[in-house]
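The values are calculated or read from the model by the stated rules, or taken from the named source; none is laboratory data. Computed from a prediction, not measured in an experiment: that's the story for all the values here. Glycine gets a Cβ as well: all are built from the backbone with ideal geometry, and neighbour counts include every protein chain shown. Protein only, heavy atoms only, side chains kept; ligands, DNA and RNA dropped before computing areas. Shrake-Rupley method; radii C 1.70, N 1.55, O 1.52, S 1.80 Å.
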Amino acid sequence: MNTPHETGTAPAAADSPAMRSPGSPRSLREAWVALAGLSAVFLFEMLDNSILNVALPTIGRELHASTIALQWVTGVYAVTFGGLMLVFGAIADRFGRRRIMLIGLALLGVAGLATAFVDTPAQLIAVRAVMGVAAAMTTPGSMALAFRLFDEDSLRVRATTLISTVGLVGLAIGPTTGGFVLAVAPWQVLLLVNVPIALLAAICVRTGVAEDEAADLHRDPVDILGAVLGTATIALALVAPTLFVNEGTASGVPWAATVAALVAAILFVLRERSARYPLLDLEIVARPLVSSGLAYKAAAGLATAGLGYMVTLQLQLDWGWTPALAAVGLLPQVVVLVAGGAFVGPFVKRVGLDRAAWLSATAVVFGLAVYALLGRFGYVWVAIALVLVAAGMRVVGVVAGVNVLRGLPKNRTTIGAALTDTATEVTSGVGIAVTGTILAALFTGDIATAHWSARQSAQFQEAVTIAGLTLTVVAATLVGWGLLRTRGAAEGSADTPRSAS
């Protein structure tokens, strides 16, 4: 496997057995208990993102929820999850990754049980907010702890592939599973499933993952002001696009939120550059492996979320498919996500981590472009787009994250994992918001109404094309920038003697 050294990055861990740390697992089988727990954590986050979407109409009817309330049922999870990941990543690197994860899993179990007592939209929104906090405490740690279990990059890729396979399968089958569950059970079951998942994960993590050693943590004081500004920046960045969809561009509210997000971001950067103990060391983020990996993850998040949103609307509202039939229509994506895990390791071994990262990110962008240009001409093109995006996401989700962690010091791995998740979460929200805003601007009438007129169908197709091409350009720009970062670093290091691993 290629493990090139890059200017400004931490040396990649060697694959030589002689350099393996004492007690480090020599295979995935030796770490199966830990990997089972970490996979369950990632399953919760990905499943929770997708399984509830199909139940929103049912929830709306039973709880008498407005459209805006339903948007916040999903939106508040994204805001709390995305807004707090950096904070909890920094806390975990200081006070223990395993400890923070176990606390988050306990919180998840309590929130899942509370679902059984929900009878108003406000209560459900509160439960979803708590689940978002639990996800922020646990999800980055799953990748950070998996990375730290092994000293060899090949095992790290395989372990991350295994965990992401479980999670991505949850993401892919979420709508399908949700549709079938709703046919025989109340919608609360879709969130109550988090309770056994949290219990399994807690048992396995506590049993299979050793407590953090003091030498692998750092005791810098927590940058409280930086944490507040960083959380405000991400939360406002996630809320502002939703406000544009709900309030319209003529309203001053979304513009005020956008300006507030920009101001908070500027203040956050100024704070982190001047603080003695910053929450996020910006010099580390600027390292080629880290910045390029974040760009690839952002591009994939933008394209994947935008495509999923558009395809769901097209199949059920434009083409009139039932939820069950629409779920079947998403099966090509499911098959690729499930079967693709077997090809990640060989592919990475053949082309190297860096090349695998940009090639897979490019596949995601290309799949989105296929849908934007050809998706209106029949389901075959939709299926091709789903396959391309799923195949690219399957690889980039592993290698970009591993590259980010390879480029960081050992005592910053959790905040590095939080960075990758934050990049995906924010760009996913942006992708859906951009699509929703364009749809709101071009589509006349209530988009959720059945039996569209020919004019409305044409408006929808035009909006999807414009939105898809817009997201394609932005995602392609991110991939291009990431590629330039890695190539620039490679060219710089070609003239510099390599240090010993």
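Enumerate the pairs (first residue in segment 444-461 and modelled with pLDDT of 75 or more; second residue anywhere and assigned to a helix (DSSP H, G or I) and open to solvent by 60 Å² or more (accessible area, probe 1.4 Å)) with beta-carbon separation below 6 Å, excluding pairs fewer than 6 apart on the same chain, so at least 6 apart or on different chains.
Q461/R376
Any residue that is within 20 Å of L484 (Cβ to Cβ) and among the charged types (D, E, K, R) - is there at least one of those in segment 369-376? Walk me through it before giving the result.
At the first step, the residues of segment 369-376 found to be within 20 Å of L484 (Cβ to Cβ) are none.
Scanning segment 369-376, I find no residue that is within 20 Å of L484 (Cβ to Cβ) and among the charged types (D, E, K, R), so the answer is no.
When the residues of segment 297-356 are narrowed to those that are among the aliphatic types (A, V, I, L, M), buried (at least 18 other Cβ atoms within 10 Å of the Cβ) and closer than 19 Å to F377 by Cα, which ends up farthest from the chain's Cα centre (by Cα)?
In this case the residue turns out to be L317.
Of the numbered conditions (1) open to solvent by less than 30 Å² (accessible area, probe 1.4 Å); (2) in a loop (DSSP other than H, G, I, E, B), A78 fails exactly one; give the number of that condition.
Only one criterion is unmet by A78, namely (2).
Of the residues that sit in segment 110-127 and are open to solvent by less than 20 Å² (accessible area, probe 1.4 Å) and either aliphatic (A, V, I, L, M) or free of Cβ contacts under 8 Å to residues at least 60 places away in the same chain (or both), which one is farthest from L63 (Cα to Cα)?
The extreme case among them is A111.
Just one of (1) open to solvent by 20 Å² or more (accessible area, probe 1.4 Å); (2) assigned to a helix (DSSP H, G or I) trips up I447, so point out which.
(2)
Of these, T58, T3, which one is farther than 21 Å from T161 by Cβ and either modelled with pLDDT under 85 or over 24 Å from the mean Cα position of the chain (by Cα) (or both)?
T58
Just to be sure, is R406 among the charged types (D, E, K, R) and open to solvent by less than 30 Å² (accessible area, probe 1.4 Å)?
On the way: among the charged types (D, E, K, R): yes; open to solvent by less than 30 Å² (accessible area, probe 1.4 Å): yes.
Spelling it out, R406 is indeed among the charged types (D, E, K, R) and open to solvent by less than 30 Å² (accessible area, probe 1.4 Å).
I'd like to check something: does segment 319-331 contain any residue that is free of Cβ contacts under 8 Å to residues at least 40 places away in the same chain, more than 21 Å from L478 (Cβ to Cβ) and in contact with a Leu (Cβ under 8 Å, 6 or more places away or on another chain)?
Scanning segment 319-331 turns up at least one residue that is free of Cβ contacts under 8 Å to residues at least 40 places away in the same chain, more than 21 Å from L478 (Cβ to Cβ) and in contact with a Leu (Cβ under 8 Å, 6 or more places away or on another chain).
Restricting to segment 53-70, and then to whatever is in a helix (DSSP H, G or I) and open to solvent by 60 Å² or more (accessible area, probe 1.4 Å), can you tell me which residue is nearest to L225 (Cα to Cα)? It would help to see each step written out before you state the result.
Initially, segment 53-70 is screened for residues in a helix (DSSP H, G or I), giving 53-63, 67-70.
Remaining after also requiring open to solvent by 60 Å² or more (accessible area, probe 1.4 Å): 53, 57, 61-62, 67-68.
Details: N53: 35, P57: 40, R61: 42, E62: 42, T67: 35, I68: 32 Å.
By that ranking, first place goes to I68.
Does L294 meet the test of being open to solvent by less than 10 Å² (accessible area, probe 1.4 Å), in a helix (DSSP H, G or I) and hydrophobic (A, V, I, L, M, F, W, C)? It would help to see each step written out before you state the result.
Working: open to solvent by less than 10 Å² (accessible area, probe 1.4 Å): no; in a helix (DSSP H, G or I): yes; hydrophobic (A, V, I, L, M, F, W, C): yes.
It is false that L294 is open to solvent by less than 10 Å² (accessible area, probe 1.4 Å), in a helix (DSSP H, G or I) and hydrophobic (A, V, I, L, M, F, W, C).
Within segment 462-496, track down each residue that is among the polar types (S, T, N, Q), open to solvent by 50 Å² or more (accessible area, probe 1.4 Å) and at pLDDT below 90.
T496
Restricting to segment 187-219, count the residues that are over 17 Å from F44 (Cα atoms) and surrounded by fewer than 15 Cβ atoms within 10 Å (Cβ to Cβ).
The number of residues fulfilling the criteria is 9.
Tell me yes or no: at least one residue of segment 88-109 is under 17 Å from the mean Cα position of the chain (by Cα) and either open to solvent by less than 20 Å² (accessible area, probe 1.4 Å) or not hydroxyl-bearing (S, T, Y) (or both).
Within segment 88-109, the first condition is being under 17 Å from the mean Cα position of the chain (by Cα), and the residues that meet it are 88-89.
Keeping just the survivors that are either open to solvent by less than 20 Å² (accessible area, probe 1.4 Å) or not hydroxyl-bearing (S, T, Y) (or both) gives 88-89.
Yes, segment 88-109 contains a residue that is under 17 Å from the mean Cα position of the chain (by Cα) and either open to solvent by less than 20 Å² (accessible area, probe 1.4 Å) or not hydroxyl-bearing (S, T, Y) (or both).
Restrict the check to segment 221-233 and report whether at least one residue is among the acidic types (D, E) and open to solvent by 10 Å² or more (accessible area, probe 1.4 Å).
no
So A264 clears everything in (1) of a type in the set (G, A, S); (2) surrounded by 19 or more Cβ atoms within 10 Å (Cβ to Cβ); (3) under 21 Å from the mean Cα position of the chain (by Cα) except one condition, right? Which one?
(3)
Mind listing just one residue for me: the one in segment 131-186 that is over 27 Å from N411 (Cα atoms) and of a type outside the set (A, V, I, L, M, F, W, C) and, of those, surrounded by the fewest Cβ atoms within 10 Å (Cβ to Cβ)?
Filtering segment 131-186 for residues that are over 27 Å from N411 (Cα atoms) and of a type outside the set (A, V, I, L, M, F, W, C), the one surrounded by the fewest Cβ atoms within 10 Å (Cβ to Cβ) comes out as P186.
On the basis of being of a type in the set (A, V, I, L, M, F, W, C), outside any helix (DSSP H, G or I) and farther than 26 Å from L149 by Cα, does A240 make the cut? Spell out the reasoning first.
Numbers: of a type in the set (A, V, I, L, M, F, W, C): yes; outside any helix (DSSP H, G or I): no; farther than 26 Å from L149 by Cα: yes.
No; evaluated as a whole, the condition is false for this residue.
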